[in-house]
Amino acid sequence: MARKWLVAIIDDESDIVNLFRDALSKINGLSIFTFTDPMVALEHFKINKGAYALVISDLRMPGINGTDLVYKIKKENPLVRTLLMTAFEVDDKVFEEYVKNDIIDGFIQKPVKLRDLLSEVLKQVNIYKRIK
């Protein structure tokens with residue numbers, strides 16, 4: 001049986017995580033986990049860090065923002081792929097530094113077309129499979 005890679009979708013808006021989950025569940029070989037609480041997502045990641053291929057996180061969330069979250073995730077597993085998404089303009093030095101240092105592997109501007117989301121997820125998972 002083929003291995004299932006875990007993908008986390010983290011956004012404080014439940015309609016976003018549900019929409020993304022439904023779209024990504026069409027991809028064979030992935031198990032999709034959704035979280036509206038970034039701290040719960042981080043705990044789940046820590047427990048399952050070796051099985052995760054990709055984490056998709058919103059940038060602006062209550063409690064912990066997306067850049068801080070993906071930084072903590074990369075400290076747990078530097079190979080996992082990370083995508084940050086936002087509906088806002090990003091003009092942030094930390095964000096730019098994280099992109100440069102491969103803490104953030106990609107960026108999704110909301111609203112995103114589902115075909116573009118699927119394409120980016122497949123690209124990131126395939127990169128992960130090659131480096132793993």
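Taken together, the values in this text are just the output of simple stated rules run on the coordinates, not laboratory data. Quick caveat, the model's predicted, so the values are computed rather than measured. Cβ: placed from backbone, ideal geometry, glycine included. Neighbour counts: every protein chain shown.
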For percent of Cα pairs over 25 Å apart, with candidates (1) 22; (2) 15; (3) 46, the value calculated from the shown model is option (2)
Taking only the Cα atoms of segment 87-132, how large is their convex hull per residue, in Å³? 65 Å³
Taking the Cα-to-Cβ direction at K113 and at M39 and moving 7 Å from each Cα, how far apart do the two end points lie in nm? 4.0 nm
Count the lysine pairs in segment 49-132 whose Cα atoms sit under 13 Å apart, keeping only pairs 8 or more residues apart in sequence or on different chains. 4
The FRET efficiency for K93 and D15, from their Cβ-Cβ distance with R0 = 25 Å and rounded to 0.05, is 0.20
Just to be sure I understand the model, the point goes 7 Å from the Cα along the line to the Cβ. What's the resulting N101 to N28 distance in nm? 4.0 nm
